[in-house]
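One structure is given below, encoded as structure tokens.
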Amino acid sequence: MAGRIAATTVINAVVLAGFAVLFLARRNYEFIVYASSLVVAIALIEVTGRKFAYSLTARAGFSVWMFLHLAGGAFSINGERIYDTMLLSIAGKPYDILKFDQAIHAFCYFVITLFLDAVVRHLSRKDSSMLLSAVIVVLAAMGISALNEVIEFATVVFFGAKGVGGYYNNALDLVFNLIGILAAAALCTATKRADSPSSTR
């Protein structure tokens with residue numbers, strides 16, 4: 001039905017509003033900035049969704065990521081913020097791999113890549129190169145990844161945010177973003193090959 005708002009958009013708006021109230025009450029301005037950027041992201045997905053036919057996997061993935069992202073900054077376990085929790089001890093300091101933060105970065109950009117793949121697929125010619133399309137998607141996703149790090153830096157400059165981390169954290173964010181991006185790009189390419197008429201010959 002034309003003009004109908006997607007269920008995931010409604011869910012996202014309700015969840016974001018709840019967390020925004022919590023962050024305002026705590027005067028957590030770092031996450032208020034993130035919440036503001038999420039309003040733009042939610043609106044963009046809703047407005048462009050009909051044109052680019054985003055998959056339910058991408059939409060649901062965004063909802064799951066947004067909740068985990070906000071919860072990671074809002075709640076603590078045994079006095080430690082969830083975002084700083086070590087999930088699996090793979091590498092010690094100064095890398096501290098694998099933290100919740102790093103896993104969420106990888107998952108976030110896996111989802112973002114699914115959205116970008118839908119956009120590139122819509123804009124590409126039917127006979128366009130799958131490899132070239134994948135490269136464009138990867139580069140576009142990394143561009144968004146870099147923009148996110150700029151936003152994080154802005155929270156440090158203007159609000160004195162302390163949860164962002166230093167050089168290693170910034171670099172590892174980009175690395176885990178790339179891991180998620182490459183995984184999604186590989187999945188999308190494999191799916192296209194499986195669906196390609198030539199693959200059934």
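With a/c under 1.5 counting as rounded, go ahead and sort the stretch 1-63 into rounded, prolate or oblate using the C-alpha gyration tensor (a ≥ b ≥ c being the square roots of the eigenvalues; past the cut-off, prolate if a/b is larger than b/c, else oblate).
Details: a/c = 2.61, a/b = 2.36, b/c = 1.10.
Prolate, since a/c reaches 1.5 and a/b exceeds b/c.
How high is the relative contact order of the stretch 64-201, in percent, counting Cα pairs under 8 Å that sit 6 or more residues apart?
Computed value for the stretch 64-201: 27 percent relative contact order.
Rank 55, 63, 89 by mean-square fluctuation in a GNM of the chain with C-alpha springs under 10 angstrom and give only the top-ranked residue.
89
Around residue 96, with a cut-off of 13 angstrom between Cβ atoms, what is the net charge of the other residues, counting Lys and Arg +1 and Asp and Glu -1?
Here the count lands on -2.
Output the peptides 129-137, 94-102 sorted from most to least packed, where packing is the average of other Cβ atoms within 10 Å over each peptide's residues.
Ranked by mean Cβ neighbours within 10 Å, highest first: 94-102, 129-137.
Summing Lys, Arg as +1 and Asp, Glu as -1, what charge do residues with Cβ under 10 Å from the Cβ of residue 172 carry, residue 172 excluded?
Residues near residue 172 contribute -2 overall.
Hey, if you put +1 on the Cβ of every Lys and Arg and -1 on every Asp and Glu Cβ in the chain, which of 179, 6, 116 ends up farthest toward the positive end of that dipole?
6
What are the principal axis extents of the Cα atoms in the chain, in Å, biggest first?
Result, largest extent first: 58, 43, 29 Å.
Every read-out reported here was derived from the displayed coordinates using simple, explicitly stated rules and does not represent laboratory data. What you are looking at is a predicted structure, and each value in this text was computed from that prediction instead of being measured. For neighbour counting, all protein chains shown are included, and Cβ atoms are generated from backbone atoms with ideal geometry for every residue, glycine included.
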